[in-house]
1. Going 7 Å from the Cα of Met106 along its beta-carbon direction, which residues of the range 79-95 have the amide nitrogen within less than 19 Å of the resulting point?
2. Applying 1/(1 + (r/R0)^6) with R0 = 35 Å to the Cβ-Cβ distance of Leu70 and Leu14, what FRET efficiency is obtained, to the nearest 0.05?
Amino acid sequence: MKVLIWSITGFLVLLWTGAAAMLAAAVNWLATSMGDPAIRAVPSPAQWPVPEWLAVWMPPAIIEQLKSSLAGPLDLLVNASTWIGPMLGWLPPVIWVVWGLVLVLMLAIAVGIHMLVSRTRRVRPAV
């Protein structure tokens, strides 16, 4: 039973570490690419071509409405890229601090379950 507890804990720790690493790498990439001048050259959603598969499933009026609703938020994102990039620079260390706190919590839970299993096996009356 103890081996199962620690095997599951190890698996969960590996999953949590992988997720934190991927998230930190994605945020780091996003932070560095926000300063890229090419992001300012993104065309307006009204100029984006409509994928053929989308044109089959949705009427053109809804597609145009979706395009126009994307124009505002995308313009805000492009305009805010000058201050969002540096702000995202502090996010990867925060991700790793949260990772460490959750890791300590996972290990504490595993130790608690381990001790509980050990105690129940000692207390069990002899038949």
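1. Inside the label zone: 92-95.
2. With R0 = 35 Å, the Cβ-Cβ based efficiency is 0.40.
We did not get these values from a lab; they are worked out from the coordinates using the rules stated. Worth saying up front: this structure is predicted, and the values here are computed from it rather than measured. Ideal geometry is used to build each Cβ from the backbone, glycine not excepted, and the neighbour counts take in all protein chains shown.
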